[in-house]
Structure formats: C-alpha cells, structure tokens
Protein chains: 2
Amino acid sequence: MAATDPFTAEIANIRQQVEEGLRQLDLPARPQYLYEPVRYGLGGTAKRLRPVLVTLAGRSFDADESDLLNAALAVEILHNFTLVHDDIMDGDDQRHGQASVHRRWDVSTAILAGVGMFTLSQLLIGKVLTNPVDCWTRFNQATMEICEGQAYDKQFEQSDEISLDDYLAMVGKKTGNLLGLCAELGGIIGEQSNEICAGLYRFGLLLGQAFQIQDDILEITADATAMGKSLGSDIAAGKQTVLTIAARERNPGEWQVFCRENVKLNPVDTRKAYYDYYQLTGVLQHSRQLADEYIEKARQALSELTDDQRRRLLNFADLVLTRKK
Amino acid sequence: MAATDPFTAEIANIRQQVEEGLRQLDLPARPQYLYEPVRYGLGGTAKRLRPVLVTLAGRSFDADESDLLNAALAVEILHNFTLVHDDIMDGDDQRHGQASVHRRWDVSTAILAGVGMFTLSQLLIGKVLTNPVDCWTRFNQATMEICEGQAYDKQFEQSDEISLDDYLAMVGKKTGNLLGLCAELGGIIGEQSNEICAGLYRFGLLLGQAFQIQDDILEITADATAMGKSLGSDIAAGKQTVLTIAARERNPGEWQVFCRENVKLNPVDTRKAYYDYYQLTGVLQHSRQLADEYIEKARQALSELTDDQRRRLLNFADLVLTRKK
C-alpha cells in the first residue's frame with residue numbers, strides 16, 4: 001500500500017477539524033422543532049470541500065487558525081442551508097445519503113431549519129477577528145449572488161432559449177461564487193491585498209464553473225458505478241446542461257428533431273443515443289475544451305501568488321476536478 | 001382641527017424616511033424571479049413600527065442618524081422577511097393589504113424571496129459604522145430567537161397543555177424580542193453602556209409581550225370596525241391565546257365542557273358566549289391585570305434613563321398599546 005501523501009493527510013485532518021467544530025457548536029436541545037432538523041441538516045456524508053478550501057487558502061498566507069475555523073464552519077453551514085431550501089424547491093428526496101429535511105419532517109420545518117442554519121452561519125462569520133467587516137460583507141454579498149443564481153436556475157427551467165453564456169453565468173452565481181468566497185475568505189483572513197483576494201475569488205469561481213461543465217459531461221460519459229448516482233437522470237428530467245445547450249446552439253432544428261425522436265427509447269438506449277449524437281456533432285469535444293479553458297483560467301487567476309502559496313490551491317483543484325474525462 | 005403634536009410629527013417624518021430609504025435600496029431588475037417578489041414583500045401598507053423604535057431610541061442618545069437609518073432599514077427588512085416565511089408556514093393569504101408572496105407567486109418563489117430579504121437586511125446592518133460588531137452580533141442573536149419563537153409557536157399548535165408562562169415566553173421570542181432589538185440597537189449606536197442597552201432590550205421585549213396580551217383581549221372585546229380584521233377568527237381556528245390558556249389553567253374540566261358545548265353556535269353568538277365566560281370567571285380581568293403588569297415592567301426597564309431620554313420611548317409605548325381596553 002502507498003503511504004498517504006502530505007496533501008491527502010492535510011485534507012483528512014481539516015475534515016476532522018470541521019466535523020469536530022460542527023459537533024462542538026453546542027446547539028440547544030429545545031425547541032426541538034428548530035434544532036433537531038438543524039443538526040440533521042448539518043450531518044450526513046458531506047465532503048466538506050468548502051471549509052477545506054477556506055482552510056487551504058488561509059494556510060497559504062499563514063492566516064490565524066481560529067479565524068479560519070470559524071469562517072470554514074460558516075461557509076459549510078451556509079452551504080448546507082442552501083441545500084435544505086433547494087431540496088424543497090426542486091422536490092429532491094435525498095441528500096448526503098439520508099432523506100432531505102422536508103421529507104424527514106415537512107416543508108414548514110425545513111424552511112425554518114434552513115433559516116436557523118443561515119443565522120448560525122452569520123453568528124460564526126461574525127466571530128472572525130481579522131478584518132471582520134470585510135469578511136461579513138463579502139459573506140453576505142456572496143449569499144445574495146447565490147440567491148440570484150438559484151433564481152436564474154428556476155427561471156431557466158421555464159425557458160428553452162438559454163445561451164451557453166447565460167447558463168455558465170448562472171452556474172457561476174449558484175456554485176462557483178461560493179467556492180470563490182471560500183478562497184477569498186482565506187485571503188482576507190490572511191491579510192492579503194485586494195488584488196490577491198480578487199484573484200482568489202476568481203480562482204474559486206472558475207473552478208466551480210469548470211466543475212459543473214465536467215459534471216455535465218460525466219452525466220453522459222461516466223460509468224454509473226464511478227458516479228454513484230443514477231446517470232442519465234438529467235436527460236429524463238429534460239434538464240439543461242452544457243451539452244444540451246451547446247447541441248441546440250449548434251443546430252436548433254436538427255437538435256429538436258433528435259430530441260423528439262429519442263424520447264421513447266429505454267433509459268440505457270437513450271443515454272447511448274445522446275452520447276453518440278454529442279460525439280458525432282463535436283459537442284462533446286467542444287464541451288471538454290470548454291472545461292479545459294475554465295481550468296486553465298482558474299490556474300491563471302493565481303498568477304500573483306508565489307509557487308509556495310499556489311501549491312495547496314492547485315492540489316485542491318486537482319482533488320475537485322475528477323480525472324475521468 | 002387640532003395641530004399635530006411634535007411626537008406625531010416626528011413619527012410621520014421617520015416613516016417617510018424609512019419609505020424613502022426602502023425606495024433608494026436600488027435593487028437590480030434581474031433576476032426578476034428574485035427581486036420582483038423582494039420589492040413586493042417590502043411594500044404594502046406596513047406601519048414601520050420597528051424602524052420607528054430604532055430611530056426614537058437612538059435619538060434619545062443623539063446617535064448618528066445615518067447609522068440609525070441603516071439599522072432601521074435592516075430591522076424592517078428582517079421583519080418583512082419573517083412575515084413572508086410565516087405566511088407560507090401558517091397558510092395566510094393576505095399581508096399588509098395585499099396577497100401574501102406565496103399566493104401572488106408560489107412557495108418556492110416566496111422561500112427564496114424571504115432569504116433574499118434576510119440577506120439584504122444583513123448587508124444593511126453591516127453598514128452601521130458605530131459599534132458594528134455589537135450591532136451585527138445582537139442582530140443575529142435576536143434573529144435566532146425569532147426562529148426559536150416561531151418553532152415554539154408551531155410546536156404549541158399541536159399541544160393543549162401549554163402554560164401561560166410557556167405562551168408568554170414564546171411571544172417574547174417571536175414578537176417582543178425584535179422590539180427589544182430595535183430599542184437596543186438605538187442604544188448601541190448611541191454608544192450607551194451594556195446596562196442601559198440591556199434595559200432598552202427589556203423595554204422592547206416587555207412591550208411586545210404586553211402588546212400581544214392586549215391583542216388577545218381585543219380579539220374578544222373590541223368592535224370589529226375598530227380592529228380592522230375579522231374578530232373571533234382565533235376562536236374559529238382554535239388558536240391559543242392568553243385568554244384560552246388562562247381559562248384552561250383556572251379550571252381545565254369546566255373549560256373543556258364549555259368549549260365542547262359552544263362549538264356549534266354561529267360566529268357572533270360564539271364570540272358572545274366566550275366573552276361572557278371570560279367575564280364571569282374573572283379570566284378577562286386577570287388578563288387585563290397581566291397586560292398592565294407587563295406595561296409597568298416595560299416602563300421600569302427604562303429607570304436608568306433620564307426623563308428626557310425616556311420621553312420618546314414612553315410616547316412610543318403609548319402609540320403601540322391601544323387605549324381601547
């Protein structure tokens with residue numbers, strides 16, 4: 001067996017700190033109606049990628065560890081709050097290997113638990129002592145962007161005229177933006193210049209967008225076992241992805257005919273037909289190029305950093321961006 | 001016609017400032033899915049009592065006007081956010097003279113609009129420059145208490161064993177606590193001692209509790225026209241009030257029989273029967289005494305203040321506590 005490399009060990013260590021920090025929040029027992037679903041919504045098999053990014057970014061600048069932990073917990077709780085509310089809006093039944101909060105209880109309970117988690121995240125980011133005003137302000141500006149991203153996502157559900165730019169801007173607000181905030185908070189707590197902090201935000205933003213493009217590609221190319229979720233579910237739901245939008249933009253009429261003709265096949269055959277279409281038309285290759293472009297831009301966003309400062313962040317990007325393209 | 005007294009003029013002036021401040025928030029037009037319901041949720045015929053209290057409390061200590069306006073807008077937006085979410089949970093169709101947000105749009109839209117409003121309130125409280133950390137922390141601690149109050153309210157719906165103390169504690173968290181925060185923010189921005197600030201919080205808290213007790217009494221005693229809402233609706237909904245709980249605590253068996261026997265009458269007769277029962281058993285008088293006790297305790301919470309500092313706050317209490325007992 002290979003020995004664990006230092007980066008993998010650091011990640012495991014940060015995750016342990018985060019789990020420990022969440023346990024030590026010491027939430028009251030009552031009212032049960034509020035705190036039981038809040039505790040539940042913070043549990044499950046989450047990967048804690050966002051607090052890991054806060055911590056790695058902060059350590060690149062020798063930031064205060066106690067401040068980093070508070071910021072890391074704040075973003076993780078913020079993220080989990082958005083999942084609780086998104087699951088209500090999207091009617092999703094499962095999250096982190098357990099029933100979603102509104103399924104385990106009901107919609108009212110989940111709405112309130114989400115708000116309680118959001119408030120908890122505010123109290124935690126409010127504990128950061130280094131550059132507190134910058135941390136709070138950026139935390140809430142980023143949250144407003146997440147709201148905007150979710151709003152665009154709901155709006156786009158009802159439209160079949162979304163451009164690839166619209167889609168990637170929505171993904172940026174909904175997903176990339178929070179990763180951007182994580183990296184930026186590390187810089188703010190590490191007392192870096194506005195320029196460096198803006199670069200860190202951009203790194204996280206672009207990484208999030210690259211991740212989504214890859215995820216959209218994997219939905220159609222990966223082994224079901226490797227993905228750990230039902231593949232082709234986006235196709236079944238008629239969900240827009242980088243691939244569907246690129247295919248429509250390439251030739252709207254042809255794409256419409258193709259979708260209509262492939263609606264009656266069974267799931268496995270459907271997925272194969274879409275794969276072949278994306279392959280044949282160059283849509284798949286185009287999407288892979290797009291992912292590579294975003295990854296490259298994310299790396300370039302760190303150009304102001306020293307090699308040593310960049311190291312952890314580039315390792316993190318490798319961790320997030322799956323190698324199975 | 002009587003000339004407008006200075007206090008009435010000051011209130012009108014503050015309300016105008018608040019409406020103007022809300023208009024000048026300059027929210028983006030897009031995404032429409034988010035900002036249209038946010039704007040709508042901040043409108044309607046609201047009385048703006050909470051921002052009025054922030055401003056009056058702050059002016060008692062010559063606090064910075066620009067900080068007071070930001071704090072006033074923050075609490076008003078926070079309050080309106082809680083109404084949007086409460087209306088979903090309670091299935092209420094009307095608010096501030098217009099359809100509630102989830103009726104005008106749908107539940108998903110209202111959940112997200114509420115969170116957007118909450119985030120907006122955070123950005124505004126974050127703009128306060130005097131004692132920002134205290135303002136920020138108290139703002140979010142109070143919000144957590146509002147969540148707890150709403151949780152207890154939902155829990156209590158399913159129980160018929162709530163004591164008067166439980167009920168008043170719930171009212172304190174859900175309603176009084178926010179008024180407490182308003183008065184306290186005026187003190188924090190006015191750079192007052194922790195002792196004074198704690199007294200201001202207590203004043204608002206007790207005032208809110210007194211207000212709720214009076215409201216529960218008015219539900220059964222007032223003219224329908226004076227209240228501007230359908231009286232007896234609490235009875236119809238089987239809602240717990242100070243009166244129903246006091247009547248149950250006084251004689252559980254007798255109360256149970258009374259409620260069962262009066263279930264089939266028409267609304268007007270039902271209300272009359274309850275009124276007579278509360279009158280006859282002394283429950284009404286007891287509840288009025290309770291309201292007076294809370295009002296007196298609220299006044300006493302300001303004992304550390306000078307007469308001049310107290311003046312605006314006592315006028316405010318008179319404004320809130322209706323004279324029709």
Before we move on, is A:LEU78 closer than 30 Å to A:VAL107 by Cβ, crowded, with 18+ Cβ neighbours inside 10 Å and over 24 Å from the mean Cα position of the chain (by Cα)? no
In this structure, is B:VAL268 more than 30 Å from B:GLU184 (Cβ to Cβ), without any contact (Cβ under 8 Å) to a residue 40 or more places away in the chain and either charged (D, E, K, R) or outside any helix (DSSP H, G or I) (or both)? no
With (1) within 10 Å of chain A (Cβ to nearest Cβ); (2) surrounded by fewer than 17 Cβ atoms within 10 Å (Cβ to Cβ) as the list, and B:GLN98 as the residue in question, which single condition is left unmet? (1)
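Of these, A:ASP64, A:ASP87, A:ASP93, A:ASP165, which one is open to solvent by 40 Å² or more (accessible area, probe 1.4 Å), more than 10 Å from every other protein chain (Cβ to nearest Cβ) and within 27 Å of B:GLN141 (Cα to Cα)?
Only one candidate qualifies: A:ASP64.
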How many residues are touching a residue at least 60 places away in the same chain (Cβ under 8 Å) and open to solvent by 20 Å² or more (accessible area, probe 1.4 Å) if we restrict to the range A:272-289? 1
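Within the group A:GLU254, A:GLU219, which residue is open to solvent by 60 Å² or more (accessible area, probe 1.4 Å), modelled with pLDDT of 85 or more and over 30 Å from A:GLY190 (Cα atoms)?
A:GLU254
Go through the residues of the range A:173-180 one by one and say whether even a single one is open to solvent by less than 20 Å² (accessible area, probe 1.4 Å), within 21 Å of A:GLY44 (Cα to Cα), in a helix (DSSP H, G or I) and more than 9 Å from every other protein chain (Cβ to nearest Cβ).
Yes; the residues of the range A:173-180 include at least one that is open to solvent by less than 20 Å² (accessible area, probe 1.4 Å), within 21 Å of A:GLY44 (Cα to Cα), in a helix (DSSP H, G or I) and more than 9 Å from every other protein chain (Cβ to nearest Cβ).
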State whether one or more residues within the range B:58-75 are without any contact (Cβ under 8 Å) to a residue 60 or more places away in the chain and part of a loop (DSSP other than H, G, I, E, B). no
Restricting the range B:144-156 to residues that are facing another protein chain (nearest Cβ under 7 Å) and among the charged types (D, E, K, R), the one farthest from the chain's Cα centre (by Cα) turns out to be B:LYS154
Please state which of the following conditions A:THR322 fails to meet, knowing it meets all the rest: (1) open to solvent by 30 Å² or more (accessible area, probe 1.4 Å); (2) part of a helix (DSSP H, G or I). (2)
Selection from the range A:24-35 of residues surrounded by 12 or more Cβ atoms within 10 Å (Cβ to Cβ) and free of Cβ contacts under 8 Å to residues at least 12 places away in the same chain yields A:ARG30, A:PRO31, A:GLN32
Show the residue pairs meeting these rules: Cβ distance below 7 Å; 6+ apart or different chains; first residue within the range B:108-126 and at the interface with chain A (Cβ under 7 Å from one of its Cβ atoms) and closer than 19 Å to A:ASP92 by Cα; second residue part of a helix (DSSP H, G or I) and charged (D, E, K, R). B:SER108/A:LYS154
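If I filter the range B:1-23 down to residues being open to solvent by 90 Å² or more (accessible area, probe 1.4 Å) and assigned to a helix (DSSP H, G or I), which single residue comes out as nearest to the other protein chains (Cβ to nearest Cβ)?
Per the stated criteria, the residue is B:ARG23.
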Failed criterion for A:ARG50 (all others in (1) more than 22 Å from B:VAL115 (Cβ to Cβ); (2) open to solvent by 30 Å² or more (accessible area, probe 1.4 Å); (3) under 21 Å from the mean Cα position of the chain (by Cα) hold): (1)
Unique residue being surrounded by 24 or more Cβ atoms within 10 Å (Cβ to Cβ) and of a type in the set (Ser, Thr, Tyr) when the list is B:THR45, B:THR55: B:THR55
Within the range B:183-196, count every residue that is among the hydrophobic types (A, V, I, L, M, F, W, C), farther than 10 Å from B:VAL54 by Cα and in contact (Cβ under 8 Å) with a residue 60 or more places away in the chain. 1
Within the range B:224-251, considering residues that are modelled with pLDDT under 75, farther than 26 Å from B:ALA298 by Cβ and not aliphatic (A, V, I, L, M), the one most open to solvent (accessible area, probe 1.4 Å): B:THR225
State the number of residues belonging to the range A:141-156 that are in contact (Cβ under 8 Å) with a residue 12 or more places away in the chain and of a type in the set (A, V, I, L, M). 2
Is it the case that A:GLN141 is at pLDDT 95 or above, facing chain B (nearest Cβ under 9 Å) and open to solvent by 40 Å² or more (accessible area, probe 1.4 Å)? yes
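The values are calculated or read from the model by the stated rules, or taken from the named source; none is laboratory data. Predicted, not measured: the structure shown is a model, and the values here were computed from it. We place every Cβ from the backbone using ideal geometry, glycine too, and count neighbours over all the protein chains shown. Each accessible area value is taken on the protein alone, full model and side chains, heavy atoms only, with ligands, DNA and RNA left out. Shrake-Rupley method; radii C 1.70, N 1.55, O 1.52, S 1.80 Å.
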